[in-house]
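A short reminder: the numbers here are calculations on the coordinates, not readings from a lab. What you see is a predicted model, and the numbers here were worked out from it, not measured in a lab. Backbone-built Cβ (ideal geometry, glycine too); neighbour counts: all protein chains shown.
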Amino acid sequence: MTAQLDSFYPTRVDFGTLDEIHRAAAAVLPAEVLDFVEGGAGKEITLRENLLAFDRWRILPTPMSGVGTPSTRTEFLGMPLQTPLLTAPFGGDALFHPDGHPAVARAAQARGALSVVPEAGSFSYQRVRAAAPRAARIAQVHPFGHAATVAARVARLGYEALCVTLDCPVGGFRTRNMANRFDPDQRHFAGNLTGEDGAPGVAEVFGQLLKRGGMVWDWSELAAAAAGFGLPWIAKGVLTPAAAERALAIGASALVVSNHGGRQVDPAPASLDMLPRIRAAVGPEIPILLDSGIRTGSDVYLALALGADAVVLGRAAIYGLAAAGESGVDRVLELLTEELRTLMILSGAATLAEIDATRITRAAA
């Protein structure tokens, strides 16, 4: 049986393009799981806008620039990156491939990327970090009553930062899931939600995410919890200058400009459209990641040009994982970096710091 499966699924070297990886993932995932990955909230306007926003920009060629070997190296909160890519803290990873986030983190480590490890993943913070300690350096948590306990736990494990998801006090109105009566096995989300050592149980967190009208934190409660984190923390799910400024005022060290991949508020602005406004509001020194809609190396380039320091890969990483496990994620990271490097040569940017708004222009109406 193993030999038959090995001959059916493409290997890493078989994938010539990111589209091929997407098709391979779509072929292997059950229909309702694929809808869970690809779907958004409401009428999915936000989901579509995240992709269309990149089409509204053009990269300006710079012939005869002399740039032949550009550098994609950077850093985020003092953590080195060989490529400006982080993998997202998507939950339920064993739904997509049995190796889940340990495989994602190993691929990221091999490519010099970082992995944000989810609270509601299939594997524990400890197990993912043990699989790839140079990549699994940021742990994600939901802003519920146990957040400070999680911060202490992940600090003991060697994590260097906490990513707090601000925009998901409840799950969005995800109509594809509703139509499918999607009800996944909660064990796929229980890697850290064990009900032991101060951690909530998976049913408790799912109940909060699914129950509209339940207890939801405000900024003052987050500020009180963050005072005890003991780690730098990243505010994920910021989509307005006001929210960005508020998060920084209570101690956030970095921001993730994100609309949760179109899975929460619909209709909402595209993340890329809001990025320049948020960068202008917070200034040049605050580290900013862009999440939602990244599918190609040109998307990465445009995000950097409009104010991001690096980008976060959600669906793109899931497609690689579903298609071929660790080697599939590795190929996604490789192709994105190769395209980014090619565009840097063609636009004359020798370093990531040289990718700015002067190298792009709005598409003609």
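Just a few scattered comments:
- Selection from V282, Q140, G348 lying farthest towards where the dipole of the chain points positive, charges on Cβ: V282
- Distant-in-sequence amide contacts of N259, defined by a placed amide H-H separation under 5 Å and a gap of 5 or more residues or a different chain, comprise S271.
- Kirkwood hydrodynamic radius over Cα pairs of the range 223-323, then Stokes diffusion coefficient at 37 °C and 0.692 mPa s, in µm²/s: 233
- Note on F182 and A281: the extension gain reaches 31.7 nm, defined as 0.36 nm multiplied by sequence separation minus the Cα-Cα distance.
- Its residue count N sets the reference 2.2 N^0.38 Å, and the alpha-carbon radius of gyration of the range 23-162 equals 1.26 times that reference.
- Under 5 Å from the amide H of C163 lie the amide H atoms of A139, Q140, V141, I234, each residue being 5 or more positions distant or on a separate chain, with H modelled from the backbone and absent for Pro and chain starts.
- In terms of the mean number of neighbouring beta-carbon atoms within 10 Å, the peptides 223-235, 107-119, 158-170 order highest first as 107-119, 158-170, 223-235.
- Count Lys and Arg as plus one, Asp and Glu as minus one, and take only other residues whose Cβ is under 15 Å from that of G237; the net charge is then -3.
- When only the Cβ of Lys, Arg, Asp and Glu is charged (+1, +1, -1, -1), the dipole of the range 240-365 relative to its Cα centre reaches about 300 debye.
- Each Lys or Arg adds one and each Asp or Glu takes one away; over the other residues whose Cβ falls under 13 Å from the Cβ of D99, this sums to -1.
- Net charge of Cβ neighbours under 15 Å - reference C163; Lys, Arg +1; Asp, Glu -1: -1
- In Hz, Karplus ³J(HN,Hα) per residue of the range 56-64 (6.51, -1.76, 1.60; θ = phi - 60°; x = Gly, Pro): 8, 10, 10, 8, 8, x, 10, x, 6
- Here the sum of -39500 (n - 2.57) over DSSP H runs of 4 or more residues, divided by the residues of the chain, equals -12500 deg cm²/dmol at 222 nm, to the nearest 500.
- Listed peptides 291-297, 357-363 by packing density, highest first (mean Cβ within 10 Å): 291-297, 357-363
- Taking K43, K236 and counting other C-beta atoms within 10 Å, the order from fewest to most: K43, K236
- Gain on full stretching of the segment that runs from A152 to T351 - 0.36 nm per residue minus C-alpha separation: 68.0 nm
- Burial order of peptide ranges 75-83, 121-129, 326-334 (average beta-carbon count within 10 Å, highest first): 326-334, 121-129, 75-83
- Test item: Cα-centred dipole of the chain, Lys/Arg +1 and Asp/Glu -1 on Cβ, debye: 260
- Hull volume per residue, based on the alpha-carbon atoms of the range 91-197 and their convex hull, is 114 Å³.
- Identified option (computed Rg and Dmax of the Cα atoms in Å; candidates (1) 20.9, 69; (2) 19.5, 61; (3) 23.7, 72): (2)
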